[in-house]
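Visitor: My questions all concern the structure below.
The values are calculated or read from the model by the stated rules, or taken from the named source; none is laboratory data. Keep in mind that this is a model prediction, so the values were computed, not measured. Positions of Cβ are backbone-derived with ideal geometry, glycine not excepted, and every protein chain shown enters the neighbour counts. Accessible surface areas use protein heavy atoms only, side chains included; no ligands, DNA or RNA. Shrake-Rupley method; radii C 1.70, N 1.55, O 1.52, S 1.80 Å.
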Amino acid sequence: MTAQLMDGKAFAASVREKVAGHVSRLKEENGITPGLAVVLVGEDPASQVYVRSKGKQTVEVGMNSIEHRLDAETPEDKLLALIEELNNDPAVHGILVQLPLPKHLDEDLVINSISPQKDVDGFHISNVGLLGTGQKAMVPCTPLGCLMMLRDYHGSLSGMDAVVIGRSNIVGKPMAMLLLGDSCTVTVAHSRTKDLPDVVRRADIVVAAVGRPEMVPGDWIKDGATVVDVGINRIERDGKNVLVGDVDFASCAERAGAITPVPGGVGPMTIACLLANTVTACCRANGLAEPEGLTA
Ligand code: NAD
């Protein structure tokens with residue numbers, strides 16, 4: 001391997017440390033404890049793991065964690081009433097409704113009922129619009145984490161050619177907006193892109209967010225490019241259940257200048273950025289200076 005490893009685990013720990021420092025200043029100087037409310041509807045096992053992990057890390061950085069677990073049959077009006085209550089609660093600075101929701105609930109309606117100022121996932125239509133127009137927004141956590149790692153590694157991204165593979169609302173599109181905001185020349189590739197290898201070969205920065213195990217081989221990567229692998233895919237290999245990304249790590253690491261591993265790359269940054277967004281939301285709600293380096 002010739003590429004430098006971009007260690008998301010260590011970087012996420014440094015983000016959490018910054019958040020914890022800011023939280024303790026908010027407590028001491030302003031008497032405010034940031035609060036994050038997480039709403040989980042139903043018993044999806046993966047969602048339960050995420051919610052537990054979010055709650056634990058929220059408490060570890062000194063913030064209040066408020067959890068609401070509703071059963072899978074919860075009617076929409078009951079969920080919307082809870083969100084309204086949280087919107088109006090001054091002790092709650094961030095609200096996250098864990099996705100996916102059970103089929104009978106309208107995900108767009110639910111997300112858009114969260115106050116945009118408390119929308120720490122950055123999925124509310126107002127935040128999407130603010131990000132798209134280069135205004136101060138709450139930014140989706142996974143692409144924010146990728147941006148932080150890229151800025152940390154490169155300093156300025158200005159003028160670089162970036163290719164984002166995947167156009168989801170959660171990762172691909174906001175990632176493209178953030179890279180554009182940092183003055184990259186951005187191409188968004190997707191399932192209908194013609195000659196994807198050729199498109200990827202032009203990139204100084206490749207962000208893969210597809211959900212297909214190891215689909216990007218090393219010979220698509222320009223020498224010295226930076227590869228950020230968002231994919232999390234579970235596969236069977238040599239009789240074992242293993243996690244792999246959307247890029248073939250071994251061959252890409254031979255060509256890239258820097259690369260994120262899976263696991264231990266982008267993954268740990270997502271919750272760290274959720275905590276960062278909560279402290280940012282708390283500062284904005286109270287008219288206080290925002291923490292440096294924790295926003296886009
Ligand atoms: P998604 O399914 O919503 O979107 C996938 C995108 O990939 C689509 O836009 C589609 O056009 C594109 N695509 C599909 N096949 C393609 C192909 N052959 N060539 C090019 N593009 C193709 O997925 P998502 O929610 O954006 O997630 C993508 C991956 O990132 C998944 O593996 C997911 O588990 C992972 N993820 C990780 C984190 C994290 O915390 N690290 C967070 C969110 C998602």
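Visitor: From largest accessible area down, sort 108, 246; use a 1.4 Å probe on the protein chains.
Guide: The ordering from most to least exposed comes out as 108, 246.
Visitor: At a 10 angstrom cut-off on C-beta neighbours, averaged per residue, how do the peptides 65-72, 18-25 rank from highest to lowest?
Guide: 18-25, 65-72
Visitor: Still on this structure, please answer the following. Would you mind working out the magnitude of the charge dipole of the chain relative to its Cα centre, with +1 at each Lys and Arg C-beta and -1 at each Asp and Glu C-beta, to the nearest 20 Debye?
Guide: I would put it at about 400 debye.
Visitor: Using θ = phi - 60° and the Karplus form 6.51 cos²θ - 1.76 cosθ + 1.60, what ³J(HN,Hα) does each residue of region 84-93 get, whole Hz, x for Gly and Pro?
Guide: Taking θ as phi minus 60°, the curve returns 4, 4, 5, 4, 8, 8, x, 7, 9, 9 Hz for region 84-93.
Visitor: Taking only protein heavy atoms into account and a 1.4 Å probe, give the accessible area per residue of region 141-268 in Å².
Guide: Each residue of region 141-268 exposes 44 Å² on average to a 1.4 Å probe.
Visitor: One quarter of the convex hull surface, Cα atoms only: what value does that give for the chain in nm²?
Guide: For the chain, averaging the hull's shadow over all directions gives 15.5 nm².
Visitor: Under the Karplus relation 6.51 cos²θ - 1.76 cosθ + 1.60, θ = phi - 60°, what is the ordered set of whole-Hz ³J(HN,Hα) values for region 267-272, x standing for Gly and Pro?
Guide: 3J(HN,Hα) across region 267-272, in whole Hz: x, x, 6, 5, 5, 4.
Visitor: If you don't mind, another one. Taking only protein heavy atoms and a 1.4 Å probe, what accessible area per residue, in Å², does region 31-127 have with all protein chains in place?
Guide: Each residue of region 31-127 exposes 48 Å² on average to a 1.4 Å probe.
Visitor: Would you work out which of 267, 4, 211 lies farthest towards the positive end of the dipole of the chain, given +1 charges on the beta-carbon of Lys and Arg and -1 on that of Asp and Glu, about the Cα centre?
Guide: About the Cα centre, the residue reaching furthest to the positive side is 4.
Visitor: Can you list the aspartates and glutamates whose alpha carbon sits under 18 Å from that of residue 9, skipping same-chain ones fewer than 8 residues off?
Guide: Reachable aspartates and glutamates: 17, 60, 152, 229.
Visitor: Could you run the Karplus curve 6.51 cos²θ - 1.76 cosθ + 1.60 with θ = phi - 60° over region 119-135 and give me ³J(HN,Hα) per residue in whole Hz, x for Gly and Pro?
Guide: 7, 6, 7, x, 9, 4, 4, 5, 5, 4, x, 5, 5, x, 9, x, 9
Visitor: Sticking with this structure for a sec: Straight-line reach from residue 27: which lysines have a Cα under 21 Å away, not including same-chain ones fewer than 8 places off?
Guide: 18, 54, 56, 118
Visitor: Using only alpha carbons, build the gyration tensor for region 1-145 and give me the equivalent ellipsoid semi-axes, biggest first, whole Å.
Guide: Semi-axes, largest first: 26, 20, 17 Å.
Visitor: I'd like the carbon and sulfur percentage of the solvent accessible area for region 141-268, probe radius 1.4 Å, heavy atoms only, ligands and nucleic acids excluded.
Guide: C and S fraction of accessible area: 49 percent.
Visitor: Using amide H atoms built 1.01 Å from N in the peptide plane, name the residues 5+ places from residue 216, or on other chains, whose amide H lies under 5 Å from its own.
Guide: Amide H to amide H, under 5 Å and 5 or more residues apart or across chains, residue 216 pairs with 247, 248.
Visitor: How far is helix 45-60 tilted, in degrees, relative to the longest principal axis of the Cα atoms in the chain, given as a value from 0 to 90 rounded to the nearest 10?
Guide: It is inclined by approximately 70 degrees.
Visitor: Amide H to amide H, which residues 5 or more places from residue 7 or on other chains are under 5 Å from it, using H placed in the peptide plane?
Guide: The answer is none.
Visitor: Something else now. Can you give the calculated 222 nm mean residue ellipticity of the chain, where each DSSP H run of n ≥ 4 adds -39,500 (n - 2.57) and the sum is split over every residue, rounded to the nearest 500 deg cm²/dmol?
Guide: Working: 10 runs with 120 residues, N = 296.
After summing the helix terms and dividing by the residues of the chain, the value is -12500 deg cm²/dmol.
Visitor: Heavy atoms only, probe 1.4 Å: what % of the accessible area of region 31-127 goes to carbon and sulfur, would you let me know? Before the final figure, lay out each step's value.
Guide: Numbers: 2480 of 4630 Å².
Ligands and nucleic acids excluded, carbon and sulfur give 54 percent.
Visitor: Could you grab the relative contact order for the chain? Cα pairs under 8 Å, six or more apart, rounded to a whole percent.
Guide: Values: 595 pairs, mean separation 64.0, N = 296.
Result for the chain is 22 percent.
Visitor: Let me ask something else about it. Would you please give the residues with an amide H less than 5 Å from that of residue 41, counting only those at least 5 places away or on a separate chain, with H modeled from the backbone geometry?
Guide: Here the answer is 70, 98, since their amide H atoms fall under 5 Å of that of residue 41.
Visitor: Something else: Return the whole-Å distance between the Cα centroid of region 112-187 and the Cα centroid of region 245-296.
Guide: Cα centroid to Cα centroid, the span is 11 Å.
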